[in-house]
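Inspection log for the structure reproduced underneath, given as structure tokens.
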Amino acid sequence: MLCIQDGSDLNYSTLAQCEGLGVIGTNQTEAQSRGLHLHSTLAVAPNGLPLGILRAQCEAPKLKSSDDERPSWTIPIEDKETFCWIEGLRDTMDVATQMPQTRIINVCDREADFFELFEEQRRNPCVDLLVRAKHNRGIPNEPFKLFDAVQQAPLQTKVQVHVPRQSARPKLSKKKSRPKRSGRFAELEVRCQRIQLCPPKYYSYKDPIDIFVIHAVESSPPAGTDAVEWFLLTTVNVTSPEDAVQCLRWYCLRWRIEDFHRVLKSGCAIEKIGHDTAERIRRAIAINLVIAWRIMLMTLLGREIPDLPPEVLFSDIEMQVLRAYAKKNA
């Protein structure tokens, strides 16, 4: 089972009287956007079928005080925004104790590339990590840089993966702008190497962590298109090209949680919820998390098995309500 973590900002700037909202960003004129930050963990089967929401946390982000002059490394991890990734991993570990026969992989994007997350996994290795690397860290041996080392590793295999479409995004206060990208199939060259993840200087007393880094790069991208390139850090024991390809397949399913957040925003319209407190908005979001999962599940099953009986997904009372609604609107 894949437990995929990701976050998404929810904009409620139009709710001027709503109490308890945080600051989710600022534009070029320093105007603040008010809202909540949702961090979710979506459970997904290896075939991509969404199994449900394992965890959801909805916080009101606060700006760092101008009086707070502490270097980031002196701030306890529990007080940092990135701590939600560790909490998500811990919840996945709790699930693993209830499912000892199930292999669980926690899949994360680049925001989760920090040493403390891998240190958490080392203390309780019942769940493996698969994280897209963000930092080109130093390593003990030549060529002394993580990305350079795996790029120089021997080519193990080539694999074709589907790269989903990507909508354009303007530059935000916390995120870079990104261009629009059409969905396509890409052939990736795959390399892998075992490395030691060295602790940052403020954790110099901790031992390095042995992990694998997988490099996948598109050898011949379409003209005018940036090549797909991923560096993946994983605690999975990668002993063959097939293991590396399997990790890539798992990582490709990370987009499921982005689709899930899109259903929440577009299908369930959670950013149009109007309440006078953030706590009431959180309660409405909690209900819509389940609704969005069911919509996503029905959509994917409908594509694969269009003749699936509705009784598989709906209870008797739900079927009665749907029939009455259909008759009323016929």
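The values are calculated or read from the model by the stated rules, or taken from the named source; none is laboratory data. As the structure is a computational prediction, the values presented were derived from the model and not from experiment. When we count neighbours, we look across all protein chains shown, and the Cβ atoms used for this are built from the backbone with ideal geometry, even at glycine. Ligands, DNA and RNA are excluded from the accessible area calculation, which covers all protein heavy atoms including side chains. Shrake-Rupley method; radii C 1.70, N 1.55, O 1.52, S 1.80 Å.
Tabulated data for the structure shown
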| item | result |
| --- | --- |
| Given (1) at pLDDT below 95; (2) farther than 27 Å from PRO76 by Cα, index of the condition GLN156 fails | (1) |
| Filtered residue count, segment 219-276, keeping only those that are open to solvent by 50 Å² or more (accessible area, probe 1.4 Å), over 23 Å from LEU188 (Cα atoms) and over 15 Å from the mean Cα position of the chain (by Cα) | 8 |
| Subset of segment 89-103 that is open to solvent by less than 100 Å² (accessible area, probe 1.4 Å) and in contact with an Asp or Glu (Cβ under 8 Å, 6 or more places away or on another chain) - its residue that is farthest from LEU42 (Cα to Cα) | ARG90 |
| Pairs, first more than 15 Å from LEU2 (Cα to Cα) and free of Cβ contacts under 8 Å to residues at least 40 places away in the same chain in segment 240-251, second assigned to a helix (DSSP H, G or I) and open to solvent by 10 Å² or more (accessible area, probe 1.4 Å), C-beta under 7 Å, six or more apart | none |
| Tally of residues being open to solvent by 40 Å² or more (accessible area, probe 1.4 Å) and either in contact (Cβ under 8 Å) with a residue 40 or more places away in the chain or closer than 23 Å to THR239 by Cβ (or both) across segment 158-169 | 3 |
| Segment 194-247: number of residues that are among the hydrophobic types (A, V, I, L, M, F, W, C) and part of a strand (DSSP E or B) | 13 |
| Hits in segment 104-132 - residues which are assigned to a strand (DSSP E or B) and farther than 17 Å from VAL44 by Cα | ARG132 |
| Residues located in segment 53-88, provided they are of a type in the set (Lys, Arg) and either loosely packed, with under 14 Cβ neighbours inside 10 Å or touching a Cys at 6+ places or on another chain (Cβ under 6 Å) (or both) | LYS62, LYS64, ARG70 |
| Total residues in segment 252-272, condition part of a loop (DSSP other than H, G, I, E, B) and free of Cβ contacts under 8 Å to residues at least 40 places away in the same chain | 2 |
| Number of positions in segment 131-150 that are in contact with a strand residue (DSSP E or B) (Cβ under 9 Å, 6 or more places away or on another chain) and open to solvent by 80 Å² or more (accessible area, probe 1.4 Å) | 4 |
| Residues satisfying the stated conditions in segment 104-126, i.e. surrounded by fewer than 22 Cβ atoms within 10 Å (Cβ to Cβ) and either β-branched (Val, Ile, Thr) or under 12 Å from the mean Cα position of the chain (by Cα) (or both) | ILE104, ASP109, ARG110, GLU111, ASP113 |
| Residues of segment 282-309 satisfying the condition of being under 26 Å from GLU271 (Cα atoms) and open to solvent by 100 Å² or more (accessible area, probe 1.4 Å) | ARG283, ILE287 |
| Within segment 180-213, considering residues that are open to solvent by less than 80 Å² (accessible area, probe 1.4 Å) and charged (D, E, K, R), the one farthest from SER72 (Cα to Cα) | ARG184 |
| Members of segment 310-320 that are of a type outside the set (Asp, Glu), part of a helix (DSSP H, G or I) and surrounded by 12 or more Cβ atoms within 10 Å (Cβ to Cβ) | MET319 |
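For (1) touching a His at 6+ places or on another chain (Cβ under 9 Å); (2) closer than 30 Å to ALA286 by Cα, each residue gets a yes or a no:
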| position | (1), (2) |
| --- | --- |
| GLU229 | yes, no |
| THR234 | no, no |
| GLU242 | no, no |
| ARG256 | no, yes |
| HIS261 | no, yes |
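Conditions tested, residue by residue: (1) touching a residue at least 12 places away in the same chain (Cβ under 8 Å); (2) assigned to a helix (DSSP H, G or I).
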residue	(1), (2)
GLY25	yes, no
LEU51	yes, no
ALA56	yes, no
LYS62	yes, no
SER65	no, no
GLY88	yes, yes
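Conditions (1) within 23 Å of LEU248 (Cα to Cα); (2) in contact with a Gly (Cβ under 7 Å, 6 or more places away or on another chain); (3) part of a loop (DSSP other than H, G, I, E, B); (4) open to solvent by less than 40 Å² (accessible area, probe 1.4 Å), marked per residue:
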| site | (1), (2), (3), (4) |
| --- | --- |
| ILE4 | yes, no, no, yes |
| LEU15 | no, yes, yes, yes |
| LEU36 | no, yes, no, yes |
| LEU42 | yes, no, no, yes |
